[in-house]
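Scroll down for the structure; my scribbles are underneath it.
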Amino acid sequence: MISKMSIARHFPILGAALLVSCTTVDRSVFVSSEATDELLSSVKEGYANNTIMKFETAENAYRTANLITAAKAAQDPLETAEQQLLVALNKSNQGSFERAEQLFLTARPIINSGGGALSRMTASIYYAQHKLNSGDPVLAEAEALTSVQAARAARVQANQPSEATPSAGRRSVVTSFEITREEEAIINASGIDDNQIDIGTLDYVERLKILEAHGNFILAAVRRGSNDQRAAENIDNSIKLLETVPPSAARWLRASIKLESARILEEGGDLELALSSAGDAVSISQRFAWKERPEALAHLARGRLLAQQGRADDAVAAYEKAIGVLAQGGRGISFDQIAPYLRLLVDDATYDPTGEKAILALQQLRSPVTATTLARAAARLETGNSIEAQAIRRFQDAERQLNRLSAEIDRLSAQEGKVNSIGVARKQFILAQAELDGARAQLEKGAPNYDQLLDRSVSLSGLRAVMQPDEVIVMVRSGDTGSVIAAITPSGFQMDVTSTSRAELTGLTERVRATIVEPEFDVAAAQDLYRFVLAPVQAALEGAKTITFIPDGPLLSVPVGLYVAEGPLNWSPGSFDYSGIPWLGTDRSVSFAMSPVSLVLLRRAAQGGSKRVFAGFADFKPFGAQSAGTVQDVRAAPQTCGDLYASIGGLPELRNSLLETQQVGAFLNAGSDAILSGRGFTDAAFRSGFPSDSAVVHIASHALLPISEECLPEPAIVTSLGGANSDGLLEASEIVEISLNADLVVLSACDTGGIGASDALGTGLRGGRGESLTGLARAFFYAGARNLVASHWFVPDAETADLMISFYAGIRDEIPIADAMMIARRDMARDPKRSHPFFWSGFSVFGDGTRKLDVSGLTL
């Protein structure tokens with residue numbers, strides 16, 4: 001069978017993007033003839049946004065429809081379950097697979113026991129698509145096959161002739177749909193588009209045909225990767241079925257089938273027919289998603305095929321059409337989708353003599369989730385404290401509240417006996433929806449260009465305008481088939497496309513992390529990281545004193561300061577004295593940036609204008625195993641979480657954290673009332689706004705990565721227990737709701753930079769992909785931090801205190817943030833007794849490492 005890696009390679013976006021076709025055609029197979037106008041409007045809005053891959057907006061629309069259904073049929077769980085499936089698949093489309101799985105497991109048994117045949121088949125197709133999205137080909141194939149067989153049998157029972165099935169072993173693909181006069185009229189009619197199809201357009205048999213076509217499409221996607229010749233037959237069947245339904249129906253599915261057909265033909269060696277099929281996908285996509293993401297994906301497919309044919313000029317033109325769409329709000333693509341274009345730019349400098357095209361393309365290489373998250377943070381940053389900023393903050397806060405409540409509804413829906421709690425959450429959701437509507441109206445008035453802020457790229461000249469004379473900016477993007485490394489200097493540009501895959505980079509970072517706590521550190525692994533990641537652009541690094549690193553994926557899990565350049569080392573294997581090794585981070589200023597545009601905005605932004613200099617948090621008091629029940633009650637968590645909370649309650653105190661924080665405060669001339677410690681350091685105190693108007697926020701405590709959806713779904717900082725609704729855990733969802741105005745946040749804790757969320761509007765719910773800023777780091781940036789210092793792994797208490805004191809001495813003396821960290825690292829790394837990188841290398845600077853902080857005029 002096809003592997004998860006194969007699905008990721010061949011369906012980096014498509015598998016996670018397709019909403020069930022029977023739903024997208026008549027807006028919902030579940031909407032009854034008695035549905036209200038409000039319900040129909042919500043489902044229509046969901047469909048319209050889903051077809052152009054704006055999944056967050058679509059999900060909120062479907063949730064509204066779900067709530068309307070629930071209110072209308074409070075005693076009918078079947079209707080609620082059917083609407084819930086729309087939300088479940090949309091969560092899967094966004095990559096929130098665990099939450100989607102919970103919703104499916106709750107809703108499907110209700111539908112299977114009480115729903116009609118069409119509802120059951122639709123639920124099966126939804127689940128098959130979800131399993132394809134999440135990389136489970138075995139279950140995807142089984143579910144799709146069941147639904148295809150059921151739909152075919154239902155059509156036969158309805159006395160409809162079955163389409164001819166291609167003979168066994170046939171390896172051909174139907175390559176075009178007949179464009180009828182009816183379709184031409186729809187295409188050419190002014191003001192008419194696919195989103196205006198009325199309910200009732202499709203009859204029962206036509207819905208069955210679309211279900212069957214979608215099932216065949218899923219089967220083709222699964223089977224192609226395992227070289228199963230039935231994949232071509234499945235595509236043939238899909239196309240034949242869709243040729244017998246109204247031509248304006250299922251456009252998204254038609255385009256997706258064409259792209260899958262192109263893949264099959266490409267792998268069979270027929271590049272001409274593959275190119276024709278990809279061209280059909282472009283034409284279809286332009287009819288329902290002009291200048292939207294689906295069109296861009298079709299152009300990317302054409303570009304890849306043209307490059308294989310050696311038609312470089314045509315390939316470059318096709319890729320540039322795709323990038324032109326994506327740069328206007330396409331929300332990111334993978335390295336593998338655009339690798340041929342990057343190789344063309346590297347091989348022939350005449351296509352991009354300045355590097356401007358490459359920089360524009362590289363900024364599209366991020367997941368849709370990452371793009372959304374970073375863009376939202378950038379929009380807040382750019383507008384400062386203006387009326388426009390107030391409108392943006394209100395809108396984004398309303399979005400977050402709505403998403404938080406939707407997550408709560410999902411969690412409660414997966415538990416038995418939570419009917420009353422679900423009802424309360426739904427009422428709160430309706431109020432939050434009203435607040436979002438009001439915030440949207442204010443946004444349209446106060447920040448009419450908000451959409452343009454959300455997903456933009458910065459030019460090469462724009463980057464250079466904010467660079468330091470001795471700086472190099474290094475961008476790395478990786479995929480299943482290789483990586484691209486680009487280096488920008490104030491006067492030059494260098495790019496290389498390598499065969500080093502993301503899996504290989506993950507292996508390298510894991511080698512480094514595996515020995516960070518061992519007596520003998522793997523120096524060779526640190527050298528390999530440099531060789532594979534930075535050596536390809538070595539020429540650009542020569543003479544640079546400042547390195548700003550914009551990586552993705554696994555490279556975020558290891559500090560770039562730990563890299564070791566190739567060459568002679570004043571060290572021999574078996575020696576535990578590492579003081580002679582030329583670590584990158586001890587002689588150069590190194591930092592991580594979120595993205596090119598966020599770096600530009602950070603460097604243009606003035607200091608935050610906080611009134612207080614410092615807010616510190618330290619010396620938490622473990623709440624103890626005996627309070628695990630209290631934590632469980634506050635979190636409304638299941639009984640199975642008790643042991644976990646008991647273990648968290650037993651975490652050791654950090655005895656040096658208070659002294660460290662007091663010394664830091666003293667360096668900045670802050671008074672004792674600027675520090676919350678002991679029993680006063682609670683999650684409730686932080687949420688109350690204690691750090692909100694401080695230029696520097698320092699938190700010395702343990703940090704936890706996500707553990708489970710039920711017990712600890714978010715990264716969290718451990719605090720003392722006390723105050724209203726306190727559970728001793730300061731989670732990402734609570735951090736993002738604090739309005740910070742901090743020029744620097746320091747997380748002097750363990751593993752604060754671990755892998756973070758994949759839910760763009762959410763709270764840090766884990767997705768395990770690590771493509772954005774990691775863990776708690778992202779939450780603090782979203783809350784309003786301009787710079788952040790965070791750890792990549794467990795750090796030692798005493799040595800961390802010494803490192804932080806040295807670091808803050810530099811901050812007090814107005815040394816740039818990354819330079820201050822470099823000096824602190826160097827002082828410790830050159831001490832033979834503390835030269836092991838475990839003691840000094842764990843912290844990285846995120847944001848603008850070149851910024852200096854002037855704290856002399858702030859309130860003490």
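For region 515-532, the count of residues that are open to solvent by less than 10 Å² (accessible area, probe 1.4 Å) and under 21 Å from Pro490 (Cβ atoms) is zero.
Please tell me if Leu853 is more than 30 Å from the chain's Cα centre (by Cα), of a type outside the set (D, E, K, R) and either more than 20 Å from Ala666 (Cα to Cα) or in a helix (DSSP H, G or I) (or both).
It is false that Leu853 is more than 30 Å from the chain's Cα centre (by Cα), of a type outside the set (D, E, K, R) and either more than 20 Å from Ala666 (Cα to Cα) or in a helix (DSSP H, G or I) (or both).
Tell me, please, whether a residue that is buried (at least 22 other Cβ atoms within 10 Å of the Cβ) and touching a Lys or Arg at 6+ places or on another chain (Cβ under 8 Å) can be found in region 570-585. Yes, region 570-585 has at least one match. Within region 413-435, if we keep just the residues that are modelled with pLDDT of 65 or more and small (Gly, Ala, Ser), the residue that is surrounded by the fewest Cβ atoms within 10 Å (Cβ to Cβ) turns out to be Ala434. Scanning for something open to solvent by 60 Å² or more (accessible area, probe 1.4 Å), closer than 30 Å to Ser421 by Cβ and of a type in the set (A, V, I, L, M, F, W, C), does region 641-650 turn up at least one residue? No, every residue in region 641-650 fails to be open to solvent by 60 Å² or more (accessible area, probe 1.4 Å), closer than 30 Å to Ser421 by Cβ and of a type in the set (A, V, I, L, M, F, W, C).
So is Gln442 at pLDDT 75 or above, within 22 Å of Tyr782 (Cβ to Cβ) and out of contact with any strand residue (DSSP E or B) (no Cβ under 8 Å at 6 or more places or on another chain) or not? Spelling it out, Gln442 is indeed at pLDDT 75 or above, within 22 Å of Tyr782 (Cβ to Cβ) and out of contact with any strand residue (DSSP E or B) (no Cβ under 8 Å at 6 or more places or on another chain).
Of the residues making up region 612-619, not a single one is modelled with pLDDT under 85 and among the small types (Gly, Ala, Ser). At least 3 residues being within 18 Å of the chain's Cα centre (by Cα) and farther than 24 Å from Gln149 by Cα is the threshold, and among the helices (runs of 4 or more DSSP H) wholly inside region 72-134 those reaching it are 77-93, 97-114.
Does Asn216 qualify as being buried (at least 24 other Cβ atoms within 10 Å of the Cβ), more than 31 Å from the chain's Cα centre (by Cα) and outside any loop (DSSP other than H, G, I, E, B)? Considered against the rule, which asks whether it is buried (at least 24 other Cβ atoms within 10 Å of the Cβ), more than 31 Å from the chain's Cα centre (by Cα) and outside any loop (DSSP other than H, G, I, E, B), Asn216 comes out as no. Residues in region 259-283 that are without any contact (Cβ under 8 Å) to a residue 40 or more places away in the chain and open to solvent by less than 10 Å² (accessible area, probe 1.4 Å): 3 in all. One residue stands out in region 127-148 among those that are open to solvent by 10 Å² or more (accessible area, probe 1.4 Å) and among the polar types (S, T, N, Q): the one that is farthest from Leu89 (Cα to Cα), namely Thr146.
Using beta carbons and a limit of 7 Å, which pairs, at least six apart or on different chains, have the first residue in region 136-160 and over 15 Å from Leu241 (Cβ atoms) and at pLDDT below 95 and the second one open to solvent by 30 Å² or more (accessible area, probe 1.4 Å) and among the hydrophobic types (A, V, I, L, M, F, W, C)? The qualifying pairs are Pro137/Met1; Val138/Met1.
Taking region 246-258 as the range and being in a loop (DSSP other than H, G, I, E, B) and open to solvent by less than 10 Å² (accessible area, probe 1.4 Å) as the test, the residues that pass are Ala249, Ala250. Taking first residues from region 344-355 that are open to solvent by 60 Å² or more (accessible area, probe 1.4 Å) and partners that are in a helix (DSSP H, G or I) and aliphatic (A, V, I, L, M), the Cβ contacts under 7 Å between residues at least 6 apart in sequence or on separate chains come to Thr354/Leu460. In a residue-by-residue description of region 455-466, the property of being modelled with pLDDT of 90 or more, assigned to a loop (DSSP other than H, G, I, E, B) and touching a helix residue (DSSP H, G or I) at 6+ places or on another chain (Cβ under 6 Å) applies to at least one position.
Could you check, for region 189-207, whether at least one of its residues is modelled with pLDDT of 85 or more and open to solvent by less than 30 Å² (accessible area, probe 1.4 Å)? Checked region 189-207: at least one residue is modelled with pLDDT of 85 or more and open to solvent by less than 30 Å² (accessible area, probe 1.4 Å). Within region 479-499, being open to solvent by 10 Å² or more (accessible area, probe 1.4 Å) and either assigned to a strand (DSSP E or B) or of a type in the set (Val, Ile, Thr) (or both) holds for Thr481, Thr489, Phe493, Gln494, Met495, Asp496, Val497, Thr498. Pick from region 526-555 the residues that are assigned to a loop (DSSP other than H, G, I, E, B) and under 21 Å from Gly842 (Cβ atoms): which of them is modelled with the highest pLDDT? Selected residue: Leu534. Specify which of the listed residues (Ser124, Ser96, Ser92) is modelled with pLDDT of 90 or more and surrounded by 21 or more Cβ atoms within 10 Å (Cβ to Cβ). Of the residues listed, the single one that is modelled with pLDDT of 90 or more and surrounded by 21 or more Cβ atoms within 10 Å (Cβ to Cβ) is Ser124. Does Leu730 count as surrounded by fewer than 21 Cβ atoms within 10 Å (Cβ to Cβ) and on the phi < 0 side of the Ramachandran plot? Taking the combined requirement at face value, the residue does not satisfy it. Of everything in region 556-572 that is of a type in the set (Ser, Thr, Tyr) and either in contact (Cβ under 8 Å) with a residue 12 or more places away in the chain or not in a loop (DSSP other than H, G, I, E, B) (or both), the residue that is farthest from Phe521 (Cα to Cα) is Ser557.
The values are calculated or read from the model by the stated rules, or taken from the named source; none is laboratory data. What you see is a predicted model, and the numbers here were worked out from it, not measured in a lab. Here the Cβ is made from the backbone with ideal geometry for all residues, glycine too, and neighbour counts use every protein chain on show. These area figures cover heavy atoms from the full protein model, side chains too; ligands, DNA and RNA do not enter into them. Shrake-Rupley method; radii C 1.70, N 1.55, O 1.52, S 1.80 Å.
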